[in-house]
Amino acid sequence: MDLYVNLTSPPSHAVVMTAKALGIELNIKVLDLYAGEHMTPEYLKYNPQHTIPTLVDGDFSIWESRAIMVYLVEQYGKENDPLYPSCPKKRALINQRLHFDMGTLYRYLYDYFHYQLKDKTPPNPEDYKQMEAALEKFNAMLEGYKYAAGDELTVADLSLLATMTTYEVAGFDFAKYPNIQRWYSMIKFSAPGADENWANSLRLKEMLDTLKK
């Protein structure tokens, strides 16, 4: 299987961690987005939305990191795999966390930093407030849970870990969010592929640090 990634992309990191958790070997293909490698005719055949990451499994291609993660577990995980168990209620909670990550937690992080990096626009204080509000919501969601969606590690944790690592390297202090701090400290370096997630997040940190100069 080929996985097209960018090494500074948190969604790419989340898919790689899922593959590590499943013991799957992926053929990683790194795209240089600034060189337009995600806009080639070959890549657009796999993903007309030209986003990353994209998984190509034989004659099947899928993009959007959280969809890829679920596909990998359903296709290659064991029966009733705890990463994405078969119980509808457990799956609903995992899905809610994944949607929250995509639509709120990661979204505002992306909005705040992407345009500063890409277009050199000044930071938007309203987006920063949205990030703080998202962290408060995530902290509340973790109340009473060992992991993000229950008592076992799931794909929700891996997706959220990639996002929260980016919050950390961007300079956010989790001291105000005790549930996040507890959860994050527990899996930061213990989740499958966490070391690689951290190393590649430091690549992103170098880019974000340029905004402070």
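The values are calculated or read from the model by the stated rules, or taken from the named source; none is laboratory data. Computed from a predicted model, the values in this text were never measured in an experiment. Backbone-built Cβ (ideal geometry, glycine too); neighbour counts: all protein chains shown. Just so you know, the surface numbers come from the protein's heavy atoms only, side chains and all, with ligands and any DNA or RNA stripped out. Shrake-Rupley method; radii C 1.70, N 1.55, O 1.52, S 1.80 Å.
Quick notes on this one:
- Dipole magnitude (debye, nearest 20) for the chain, charges at Cβ of Lys, Arg, Asp, Glu: 460
- For the pair Lys129 and Glu42 in one chain, pulling the backbone fully straight at 0.36 nm per residue adds 27.3 nm over the alpha carbon distance.
- Oblate is the label for segment 84-144, because the ratio a/c of its alpha-carbon gyration tensor axes (a ≥ b ≥ c) is 1.5 or higher and a/b is not greater than b/c.
- For the set Arg66, Arg91, solvent exposure ranked by accessible area (probe 1.4 Å, protein chains only) runs largest to smallest as Arg91, Arg66.
- Ratio Rg/Rh [Cα only; Rh per Kirkwood] for segment 88-212: 0.96
- Listed peptides 157-165, 105-113 by packing density, highest first (mean Cβ within 10 Å): 157-165, 105-113
- Annotation: amide H-H contacts under 5 Å for Lys29 (H modelled 1.01 Å from N, sequence separation of 5 or more, or interchain): Leu3, Tyr4, Val5.
- Cα-based shape type of segment 56-161, given that a ≥ b ≥ c are square roots of the gyration tensor eigenvalues and the cut on a/c is 1.5: oblate
- Accessible surface of the chain [probe 1.4 Å, protein heavy atoms]: carbon and sulfur percent: 52
- Subset of Lys129/Lys176; Lys78/Lys137; Lys20/Lys188; Lys146/Lys176; Lys129/Lys188 violating a 22 Å alpha-carbon distance limit: Lys78/Lys137; Lys129/Lys188
- Dividing the summed helix terms, -39500 (n - 2.57) for each DSSP H run of n ≥ 4, by the number of residues in the chain produces a 222 nm estimate of -17000 deg cm²/dmol to the nearest 500.
- The chain, Cα convex hull volume normalised per residue, Å³: 120
- Database remark: amide H of Tyr147 closer than 5 angstrom to the amide H of Glu152 (H placed geometrically; neighbours at sequence offset of 5 or more, or on other chains; Pro and chain starts carry no H).
- With the biggest extent put first, the Cα atoms of segment 2-76 measure 32, 26, 18 Å across the principal axes.
- Size of electric dipole in segment 2-76: Cβ of Lys, Arg +1 and of Asp, Glu -1, about Cα centre, debye, nearest 20: 180
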